[in-house]
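Reviewing the structure listed below.
The values are calculated or read from the model by the stated rules, or taken from the named source; none is laboratory data. Being a predicted model, the structure only gives us computed values, none of them experimental. Heads up, the Cβs are rebuilt from the backbone with ideal geometry, glycines too, and the neighbour counts pull from every protein chain shown. Keep in mind that these areas ignore ligands, DNA and RNA; they rest on the heavy atoms of the full protein, side chains included. Shrake-Rupley method; radii C 1.70, N 1.55, O 1.52, S 1.80 Å.
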Amino acid sequence: MLKDQVVFNYKDIPNFPQSTVHGHAGRLVFGTLKGRPCVCMQGRFHLYEGYPIQKITLPMRIFKMLGVETVILTNAAGGLNQDFKVGDIMVIKDHINMPGFAGNNPLVGPNDERFGVRFPCMSDAYDRELQQLAVDIGQELGYGDFLKEGVYCVLGGPSFETIAECRILHKLGADAVGMSTVHEVIVARHCGMRVVALSLITNLVVMDYDSQEKANHEDVLQASKLRAGQLERLVSTVVTRIDHPNSNLI
Ligand SMILES: O=P(O)(O)O[C@@H]1C[C@H](O)[C@@H](CO)O1
């Protein structure tokens, strides 16, 4: 997808965490997309891997220091919204930081004023212009039937949710549930980068005690492959259409 690639394995970057999840390659790829400089993470980090939350979000601060202005995040998520189907792409409009309710927030600890303020606002976490751009581009690409908008809820994982947990998350107003993204968004917003995030609905969560369905990682990987090309096209088109006052890294 990127031209003129320069690739670093995470293991060769000092102090960088390592990907431990099947399906996460563990590479940082620099390059250009239609002339736009970009850096892509092939593999991200999660609380359930045992990393401290500040380590999970370290790449965001590195990107800020490299001059990145806009962060585009994608994830796999379970659909809670009853109108969602496997293969839907949800443009995230807001999040519920469930670990944060218990004090597990990446900004806990002394605030580093070089990056941002002590108490950052999160009511504008997801850039509204970029959300609209993603929706408009999705429509143009003919994705209207599977393009949704909604609220993403992060949990710690690695166990998938119980039926009672899914029911409560749905009642709380979440449309999709996952194990990532939110921590990175908080740190990216703290240091003033713009954020747009997309969830691929890889499975529908089980909300019914009569259901025989069981969430599993293999189904998540399989469903991700089915939409990989379309998701990549959406992301790359968004990149080429973002307004870049300083033409910096994306
Ligand atoms: O895209 P992410 O890393 O959030 O993927 C989800 C959460 C777990 O890593 C995995 C569970 O199948 O998918």
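Between Tyr143, Tyr209, Tyr51, the GNM of the chain built on Cα springs shorter than 10 angstrom shows Tyr209 fluctuating the most. Comparing Tyr51, Gln5, Asn203 along the charge dipole axis of the chain, the residue lying farthest to the positive side is Gln5, per the Cβ-charge model. A 1.4 Å probe over all protein chains sorts Phe160, Phe30, Phe45 by accessible area into Phe160, Phe30, Phe45, starting with the largest. Spatial offset of the stretch 78-103 relative to the stretch 159-222 amounts to 5 Å, using the alpha carbon center of each. Here the contact order of the stretch 1-74, divided by its residue count and restricted to Cα pairs under 8 Å and six or more residues apart, works out to 25 percent. Spin-label model, Thr240 to Glu113: label points 7 Å out along the Cα-to-beta-carbon direction sit 4.5 nm apart.
Hey, which of these cross-link pairs are over 29 Å Cα-Cα: Lys55/Lys171; Lys34/Lys55; Lys64/Lys85; Lys171/Lys214? List each step's numbers first, then the result.
Values: Lys55/Lys171 32 Å; Lys34/Lys55 32 Å; Lys64/Lys85 35 Å; Lys171/Lys214 21 Å.
Correct reply: Lys55/Lys171; Lys34/Lys55; Lys64/Lys85.
Considering only alpha-carbon pairs that sit under 8 angstrom and 6 or more positions apart, the relative contact order computed for the stretch 71-241 is 43 percent.
Placing a label point 7 Å from the Cα of Lys55 along the Cα-to-Cβ direction, the residues of the stretch 176-196 whose backbone N falls under 18 Å from that point are 180-181, 183-184. Here the stretch 107-250 is treated as a Stokes sphere of Kirkwood radius computed over C-alpha pairs; at 25 °C and 0.890 mPa s its diffusion coefficient rounds to 140 µm²/s.
The residues of the chain have, on average, 50 Å² of accessible surface per residue, using a 1.4 Å probe with all protein chains present.
Relative to the current alpha-carbon distance between Thr32 and Gln222, full extension at 0.36 nm per residue lengthens the span by 65.6 nm. Per-residue ellipticity at 222 nm computed for the chain from its helices equals -9000 deg cm²/dmol, with DSSP H segments shorter than 4 residues left out and the rest contributing -39,500 (n - 2.57). Taking the 1.4 Å solvent-accessible surface of the stretch 71-241 as the whole, the part contributed by carbon and sulfur is 51%. One compactness figure for the chain is 0.97, namely its Cα radius of gyration divided by 2.2 N^0.38 Å.
In the stretch 146-249, which trypsin sites (Lys or Arg not before Pro) fall in coil by DSSP and have 12 or fewer other Cβ atoms within 10 Å?
Values: sites: Lys148, Arg167, Lys171, Arg189, Arg194, Lys214, Lys225, Arg227, Arg233, Arg241; in loops: Lys214.
Sparse-neighbourhood loop trypsin sites (Lys or Arg not before Pro): Lys214.
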